[in-house]
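Read the structure below first, then the notes.
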């Protein structure tokens, strides 16, 4: 397992693999890896001959008031985890390697990115699409792995790949949770003990939704009202959104009569956490 | 030489070539090919084992009041020209093959695209960047060929490829001219006899610029004033812009003290024509 800092070196290595007929998987991450990321690396290791894990806190997907500076980083720990799970390279470039002076191009879309997280994070998905496009062009993987926890990101990337004819298969992998149900996230490290406990309202609200859908409830406002009521009972929680949307468009729907996504974003103290549930996973 | 209508078939053919270790050149065009395009195909044929010519009038790069419908098309004539110059495939998709229902992604940039033609054609370069990205992803060529006549387009594409780490070499080829100096363009077919004669003011103005630069003139306003005076003497001509810009930024400069581009756009009757001169070509 090798830590690689430059685009040229990743390219050289991947080309060597491809000339040997080996398949390549890519796991794009912002580092500070946890079991959620590990499950993506496992999936790539299972499907491909070689796996590249990118480990890059992408400035372009953070808004001016967001947590770019404080976002947790630990490349040594990340390297150990990648090695343990069978990754072959960590690509860990400096921001100046990815965004040289005069950088000004971007990839974006007119739909999908304006809803849900796009409402409270207006530049976020432009940053995601752009950095993922760059990583795809640098690594040219056969397959790329993304967690279903970032459900909107997964939908946006699939849409981008389809629209722009990128020759890459996108694999969405299930959410990995703590034992008590909290979805794994690098941002969970921001939580103090009280907040960590309060954060359980997210997965509990998702469970409320899953139970109601399993019991045949299809009226979205009934479901989201029950979820909101549960979250609002926790004094440390402040809802950003609780929505049920068409999975294909990310537009809110009144009734679950097609593949849908129930997605929530909740501030626990000053930490913004997300969780979700795909109706097709029932 | 084969006319191919689907993305899948181009992909299949290119993959077969690549598995044989053959290099591939791409010449993106909007069809109605002339000697300018032929020179690009020649260059690709010289440099690569196989050449794909795309022939697609891209709706996304036309504004709502522009000449999308009337843009000239003749795929049979194009096919003969591509075959004659050693091209292996014409990729001639229907708009619905390139832009399926729900298409909404785009590639764009914050600089370069807002100046010159970007001022009078605000959606133009977004359409160019998006379709060229798609063609690059479909064909995955080693090299791609663009005419220097579309100087800003060439600069924009080079910038995009560099920013987004596309693994493709971009080759700019010299302007090809009619015997009397008019730059070859598919839009020249719009001109009636009187207009065809009047259109000579473009290349004549470029010659004025070249002569002044050769004679040591560096003050841009002096040069552009002389060019404008010449163009304005022609009653059928109406200037869109006559500018000297920094080649790296497309921003106007007062003095030619770095690699510069002298670019002009002039309406002859209702037909908008462009011409230019790269200071580095002197």
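Can you name the residue in segment A:61-79 that is in contact (Cβ under 8 Å) with a residue 12 or more places away in the chain and assigned to a helix (DSSP H, G or I) and is also nearest to the other protein chains (Cβ to nearest Cβ) among such residues?
Among those that are in contact (Cβ under 8 Å) with a residue 12 or more places away in the chain and assigned to a helix (DSSP H, G or I), it is A:61.
Condition first: in contact with a helix residue (DSSP H, G or I) (Cβ under 7 Å, 6 or more places away or on another chain), over 23 Å from residue A:21 (Cβ atoms) and surrounded by fewer than 21 Cβ atoms within 10 Å (Cβ to Cβ). Now tell me which residues in segment B:6-29 satisfy that. So that I can check it myself, show each step before the final result.
First pass over segment B:6-29, keeping only residues in contact with a helix residue (DSSP H, G or I) (Cβ under 7 Å, 6 or more places away or on another chain): B:6-7, B:10-11, B:14, B:24-29.
Still in the running and over 23 Å from residue A:21 (Cβ atoms): B:6-7, B:25-29.
If the condition is that a residue be in contact with a helix residue (DSSP H, G or I) (Cβ under 7 Å, 6 or more places away or on another chain), over 23 Å from residue A:21 (Cβ atoms) and surrounded by fewer than 21 Cβ atoms within 10 Å (Cβ to Cβ), then B:6, B:7 are the ones that fit.
Scan segment B:40-58 for residues that are in contact (Cβ under 8 Å) with a residue 24 or more places away in the chain, out of contact with any strand residue (DSSP E or B) (no Cβ under 8 Å at 6 or more places or on another chain) and more than 24 Å from residue B:191 (Cβ to Cβ) and jot them down. Even if it seems obvious, please write down each step before you answer.
Step one: of segment B:40-58, the residues in contact (Cβ under 8 Å) with a residue 24 or more places away in the chain are B:40-45, B:47-58.
Remaining after also requiring out of contact with any strand residue (DSSP E or B) (no Cβ under 8 Å at 6 or more places or on another chain): B:42, B:57-58.
Selection gives B:42 alone.
Suppose we filter segment B:42-55 for residues that are buried (at least 24 other Cβ atoms within 10 Å of the Cβ) and outside any strand (DSSP E or B); how many remain?
Going through segment B:42-55 one residue at a time, the tally reaches 1.
So which residues in segment A:137-150 are more than 20 Å from residue A:42 (Cβ to Cβ) and surrounded by 23 or more Cβ atoms within 10 Å (Cβ to Cβ), if there are any at all?
Within segment A:137-150, A:138 is the sole residue that qualifies.
Take residue A:139 and tell me if it is under 22 Å from residue A:38 (Cβ atoms), modelled with pLDDT of 95 or more and within 11 Å of chain B (Cβ to nearest Cβ).
Answer is yes for this residue.
Is it the case that segment A:236-248 has a residue that's over 20 Å from residue A:67 (Cα atoms) and at pLDDT below 95? I'd like the intermediate steps shown before the answer.
Step one: list which residues in segment A:236-248 are over 20 Å from residue A:67 (Cα atoms), which gives A:242-248.
The next check asks that each one be at pLDDT below 95; those that pass are A:247-248.
Within segment A:236-248, one or more residues are over 20 Å from residue A:67 (Cα atoms) and at pLDDT below 95.
Looking only at residues in segment B:164-175 that are in contact with a strand residue (DSSP E or B) (Cβ under 7 Å, 6 or more places away or on another chain) and buried (at least 21 other Cβ atoms within 10 Å of the Cβ), which one is farthest from the other protein chains (Cβ to nearest Cβ)?
Ranking the candidates gives B:175 first.
Restricting to segment B:114-136, count the residues that are more than 14 Å from chain A (Cβ to nearest Cβ) and either farther than 16 Å from residue B:246 by Cα or surrounded by fewer than 23 Cβ atoms within 10 Å (Cβ to Cβ) (or both). Show your work before the answer.
Filtering segment B:114-136 down to residues more than 14 Å from chain A (Cβ to nearest Cβ) leaves B:116-117, B:119-122, B:124.
Filter once more, so that each one left must be either farther than 16 Å from residue B:246 by Cα or surrounded by fewer than 23 Cβ atoms within 10 Å (Cβ to Cβ) (or both): B:119-122, B:124.
Result for segment B:114-136: 5.
Looking at segment A:173-181, can you tell me whether even one residue there is in contact with a helix residue (DSSP H, G or I) (Cβ under 8 Å, 6 or more places away or on another chain), in a helix (DSSP H, G or I) and free of Cβ contacts under 8 Å to residues at least 40 places away in the same chain?
No: segment A:173-181 contains no residue that is in contact with a helix residue (DSSP H, G or I) (Cβ under 8 Å, 6 or more places away or on another chain), in a helix (DSSP H, G or I) and free of Cβ contacts under 8 Å to residues at least 40 places away in the same chain.
Can you tell me which residues in segment A:131-153 are in a helix (DSSP H, G or I) and either in the same structural domain as residue A:266 (by TED's automatic domain parsing) or within 24 Å of residue A:103 (Cβ to Cβ) (or both)? Don't jump to the end; show me each part of the working.
Residues of segment A:131-153 in a helix (DSSP H, G or I): A:131-139, A:151-153.
Passing the criteria: A:131, A:132, A:133, A:134, A:135, A:136, A:137, A:138, A:139, A:153.
In the set B:156, B:82, B:128, B:111, which member is part of a helix (DSSP H, G or I), in contact (Cβ under 8 Å) with a residue 60 or more places away in the chain and more than 20 Å from residue B:65 (Cα to Cα)? Break it down stepwise before answering.
On the way: B:156 fails: in contact (Cβ under 8 Å) with a residue 60 or more places away in the chain; B:128 fails: more than 20 Å from residue B:65 (Cα to Cα); B:111 fails: part of a helix (DSSP H, G or I).
Going through B:156, B:82, B:128, B:111 in turn, just one is part of a helix (DSSP H, G or I), in contact (Cβ under 8 Å) with a residue 60 or more places away in the chain and more than 20 Å from residue B:65 (Cα to Cα): B:82.
Looking at segment A:101-124, can you tell me whether even one residue there is modelled with pLDDT of 95 or more and closer than 12 Å to residue A:28 by Cβ?
no
Which of the residues spanning segment A:202-240 are under 15 Å from residue A:261 (Cα atoms), surrounded by 18 or more Cβ atoms within 10 Å (Cβ to Cβ) and more than 24 Å from the chain's Cα centre (by Cα)?
A:212, A:213, A:220, A:223, listed by residue number.
Tell me which residues, restricted to segment A:88-107, are within 14 Å of another protein chain (Cβ to nearest Cβ), in a loop (DSSP other than H, G, I, E, B) and in contact (Cβ under 8 Å) with a residue 60 or more places away in the chain.
A:93
The values are calculated or read from the model by the stated rules, or taken from the named source; none is laboratory data. As the structure is a prediction and not an experimental result, all values here were calculated from the model. Methodologically, a virtual Cβ is constructed for each residue, glycine included, from the backbone with ideal geometry; neighbour enumeration extends over all protein chains shown.
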